[in-house]
Amino acid sequence: MAKTNDIPRFGLLSGYRVVMVGLSVAAPFASELYAEHGADVIWVENPINPDMGRFSQHGASTQQDRRNMRSLAMNYLKGEGRSAFLKLIETADVLIEASVGGRFASKGLGDEKLWEVNPRLVIAHISGFGQTGIESYVKRASYDPIAQAFGCAMRMNGIEGQPSIPAMPFPGDYSAAFYAFGMTLAALLKRQETGRGESIDVAQFETMMRIQSQYPIKGWTYGEEYVKEGTHSLICALYGTYVCNDCEEVYVLFLGPGVLKAGLPLLGLEYASELFPEGEGIIPYGSHAGDVAEEAFANFLAQHTAEEVETILNEAGVPCSRLMNYEQAAADPHYQARGVIETWPAVDGVHEISGVKVVPDLANYPGRVWRGAPCTGQDNDDILTELGFSSDAIAEMYECNLLGKKSYKESFAN
C-alpha cells in the first residue's frame, strides 16, 4: 500500500494528481506518462471486473503501463462509491477517462457536474468516435483497429490486392494517449493563467487521421487514393524491406543526393553517370535505372548478413537498420549504452519485471520507476482514509461490494 506521502518527489510533474478511469491502452498510457514523471496517479478500477490487461499473458501490458500508479478498486457510480469519487475529484488536477462517448454525462458525471466539485479540473475524454456528432456514431464501441479502419489508416497497410491489416502495436490507442497527455498538460498551463479547468474530447479515429501526413490533403483536395506500398516504396528504388543472405531482414532508404553518392559505389554503380545523374535525390522505382539498382543491391545482399549490411551502409551514411527482435535488442550495444531495458520489482516483492525505461531522458528532472503496477485495490484503504472516510465506512463499502481487492497472484496472470 502507499499513502500520498509515500510517493517520492521526482520528475517534472511531482505534486500533480491524476485520476484515471479506463481499460486497455489509451487512458492508462496517457496516465502512465504522468506517473513516470512524478505525478500521483490513482487508477480507479472496476471492483468486480478488473482491467483486462491484468489477464493478458503474464499481465505484461499492466506491468509496463501501470507502474508507479495507485489502485482504487471502487464502484464510483453507486452510493458511497460515488461520494468517494467526487471527493477524489476535489483533490485532482486531471481526470483521464476512456469510454463510449457520452458515458460520463449519461451517468450524471458530465463536465459541468465535475466542475461544480472542482472548477480547476482538467478533463480528457478518450473515445472511439468523440463526445459530439451523430449520436449513433458517438455511442459506437471501439478498439484500436476500429479507429484505424474508420480513420482511413488501415487501408494503407498490407500488400496491394490482399486484405488490409491493422498496424501494430495499437497506434490508435497510443496516438490518442499522446494527445490526451499533451493537451491536458497544455490545459494545466492555461489554468495557471485563468484558474479554470478544461475538457478535451479525444476521438481515436481523428487522431489516426491527424497522423497521416500529406495523404488526407491528397485525397480530399486532389482526389488521389493511397496505393498500398507493402514492403517497398512505389516511388523510389532501394527503399524498403530486404532479405540478406542469413535470411534476416533490413530496411533501407537510398534517398537524397548525398546518400546516393555515398551508397551507389558500394553496389558497384557509378554516381554522376548518365544512369544516375549528379544531384538526383531518388532513383525512380520501375525505371531502367531503378531495375539496375535493385539488381545490384540483390547481388550485394546475397554476399552479406543483415548485420554486415547494416554496418557497411551506415558507415557510408546510408540509412539502414536490421529488423530487430527483443533478443537482438537486449544484446545491442546502443540499447545497453542508453539503458533502454530497465528492471524493477513487482509489488509482491519477489518477482522482477524487465521492460522499457522511462523515456525520454531528461537532464535535470528525470522520471523514474519507484513502484511496480499495483494489485487490484491495493491502495483502497490509504486513499479513502486520506479522503476522510473512517475505517467503519470503508468496511461497509467492502461489505456492499463497492470496493474490491485482489492479491498479486489474483491480479496478474502467471
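Below are the figures for this structure:
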read-out: Carbon + sulfur, % of accessible area of the chain - ligands and nucleic acids excluded, 1.4 Å; value: 54 percent
read-out: Long-range HN-HN contacts of Ile353 with modeled amide H, under 5 Å; value: Trp344, Ala346
read-out: Separation of alpha-carbon centers, region 315-359 and region 262-301, rounded to whole Å; value: 35 Å
read-out: Convex hull (Cα only) mean projected area of region 334-414, reported in nm² to one decimal; value: 8.0 nm²
read-out: Amide H within-cut-off set for Ile200, under 5 Å, with H built and near neighbours excluded; value: Ile123, Ala124, His125
read-out: 5 Å binning of all Cα-Cα separations within region 1-89, expressed as whole percents from 0 upward; value: 3, 14, 24, 24, 19, 12, 4, 0
read-out: With Cα atoms, 0 to 90° folded angle of helix 171-194 axis to the chain main axis; value: 60 degrees
read-out: Selected from Ile123, Ile394, Ile96 as most flexible by GNM, with the chain as the system and alpha-carbon contacts under 10 Å; value: Ile394
read-out: Folded to 0 to 90 degrees: helix 288-302 orientation relative to the chain principal axis, Cα; value: 70 degrees
read-out: Most mobile listed residue (Ala98, Ala337, Ala124) in the chain, GNM with C-alpha springs under 10 Å; value: Ala337
read-out: Most mobile listed residue (Gly101, Gly279, Gly367) in the chain, GNM with C-alpha springs under 10 Å; value: Gly279
read-out: Point-charge dipole on Cβ atoms (K/R +1, D/E -1) for region 278-393, about Cα centre, debye to 20; value: 240 debye
read-out: Between 0 and 90°, nearest 10: helix 306-316 axis offset from the chain longest Cα axis; value: 80 degrees
read-out: Dipole of region 246-397, positive end: most advanced residue of His288, Gln303, Pro366 [Cβ charges, Cα centre]; value: Pro366
read-out: Loop chymotrypsin sites (Phe, Trp or Tyr not before Pro), region 196-232 (other Cβ atoms within 10 Å of the site Cβ: 16 or fewer; DSSP); value: Tyr226
read-out: Spherically averaged projected area in nm², based on the convex hull that wraps the Cα atoms of region 207-324; value: 8.6 nm²
read-out: Calculated over region 271-319: convex hull of Cα atoms, volume per residue (Å³); value: 89 Å³
read-out: Dipole magnitude of the chain, debye to nearest 20 (Cβ charges: Lys/Arg +1, Asp/Glu -1, about Cα centre); value: 1620 debye
read-out: At 1.567 mPa s and 4 °C, Stokes D of region 37-162 from Kirkwood alpha-carbon radius, µm² per second; value: 77 µm²/s
read-out: Alpha-carbon centroid distance for the pair region 112-149 / region 225-243, whole angstrom; value: 36 Å
read-out: D (Stokes-Einstein, µm²/s), Kirkwood Cα radius, region 261-414, 1.306 mPa s at 10 °C; value: 73 µm²/s
read-out: Residue-normalised accessible area of the chain, expressed per residue, 1.4 Å probe, Å²; value: 50 Å²
read-out: Bridge type composition, the chain - antiparallel percent by DSSP, nearest 5; value: 40 percent
read-out: Residue-averaged [θ]222 nm for the chain, counting only DSSP H segments that reach four residues, each worth -39500 (n - 2.57); value: -10500 deg cm²/dmol
read-out: Relative counts (whole %) of C-alpha pair distances in the chain, using bins that are 10 Å wide; value: 4, 18, 25, 22, 15, 10, 4, 1, 0
read-out: Under 17 Å, Cα to Cα: Lys pairs in the chain, sequence gap 8 or more or different chains; value: 9
read-out: Point-charge dipole on Cβ atoms (K/R +1, D/E -1) for region 368-414, about Cα centre, debye to 20; value: 420 debye
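The values are calculated or read from the model by the stated rules, or taken from the named source; none is laboratory data. Please read all numbers here as calculations on a predicted model, not as lab measurements. Counting neighbours? That spans all protein chains shown, and the Cβs are built from the backbone with ideal geometry, glycine included. SASA here: full protein model, heavy atoms, side chains in, ligands and nucleic acids out. Shrake-Rupley method; radii C 1.70, N 1.55, O 1.52, S 1.80 Å.
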